[in-house]
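J.: The structure under discussion is supplied below as structure tokens; questions concerning it will follow.
Bear in mind that the values in this text are calculations on the coordinates, not laboratory data. Every value quoted in this text rests on a predicted model; they were computed, and no experiment measured them. Virtual Cβ from ideal backbone geometry, glycine too; neighbours counted across all protein chains shown.
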Amino acid sequence: MLDVKEAFNVDGERKWHACLQSNQLLFPKGDQSPPPALTVLPDVIKKNKRTVLAQGSLDAVLFMDGTKLALQNLTWNGDLGFQKPIDQTFSIGGKAMGRYNSERGLTYIEVEDSGHKLPHDKPEAALQILDFLLGHSNSPSSP
């Protein structure tokens, strides 16, 4: 199997850091724009063959329940929210790593035991998800 770092063309020499320091504000006067999940995301889904949202179950920055609530209140490709539960097994090489659902051009994937930095915490899952997003596989799961 191809090494994950090699597949992502990462040399491993650079250290990750947040783009903003804790004392800086991205929008010092506030952001009054409408929520992008309700305005931008439906168009992204409509204009692409595949849109993938992947999230770690231990993410303390973006909570899974909040994401799922937003998706259930989002209208895309003619319907509101997912019509079926997020209960398909997301697996890699037969090993269960989470759950997912795909409907109307949107795939939502929950990766178990991963935090906000999913590629760091579960690189094999991130690579599998990227392969699916790019159309190299027909399913986000691999047998």
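J.: Could you work out which residue, out of Phe82, Phe90, Phe27, moves most in a Gaussian network model of the chain, that is, has the largest mean-square fluctuation with Cα springs under 10 Å?
T.: Top of the fluctuation ranking is Phe27.
J.: Using only the Cα atoms of segment 83-130, build the gyration tensor, take square roots of its eigenvalues as a ≥ b ≥ c, and label the shape rounded, prolate or oblate: rounded if a/c is under 1.5, else prolate if a/b is larger than b/c, else oblate.
T.: prolate
J.: Where Lys and Arg each count +1 and Asp and Glu each count -1, what net charge lies around Ser114 among other residues with Cβ under 10 Å from its Cβ?
T.: -3
J.: Sequence-distant or interchain residues sharing an amide H contact under 5 Å with Met97, placed H: which?
T.: Phe90, Ser91, Ile92
J.: Do you know the Lys pair count in the chain for C-alpha distances under 22 Å, with sequence separation 8 or more or different chains?
T.: Lysine pairs satisfying the spacing and distance rule in the chain number 16.
J.: Which of the peptides 3-11, 107-115, 68-76 is most tightly packed, and how do the rest follow, going by the mean number of other Cβ atoms within 10 Å of each residue?
T.: Highest mean packing first, the order is 107-115, 68-76, 3-11.
J.: Kindly state, as a whole number, the per residue volume in cubic angstrom of the convex hull around the alpha carbon atoms of segment 61-143.
T.: 95 Å³
J.: If you don't mind, there's one more thing I want to ask. Which ³J(HN,Hα) values, rounded to whole Hz and listed in residue order, are derived for segment 64-69 from phi using the Karplus coefficients 6.51, -1.76 and 1.60 in 6.51 cos²θ - 1.76 cosθ + 1.60 with θ = phi - 60°, glycine and proline given as x?
T.: 4, 5, x, 5, 5, 5
J.: Could you pull out every residue, at least 5 positions away or on a different chain, whose amide H is within less than 5 Å of the one on Trp76? Hs are placed 1.01 Å off N in the peptide plane, and Pro or chain starts have none.
T.: Under 5 Å from the amide H of Trp76: Gly81.
J.: Compute the Kirkwood hydrodynamic radius of the chain, taking the inverse of the mean of 1/r over all pairs of distinct Cα atoms, and give it in Å to one decimal.
T.: 16.8 Å
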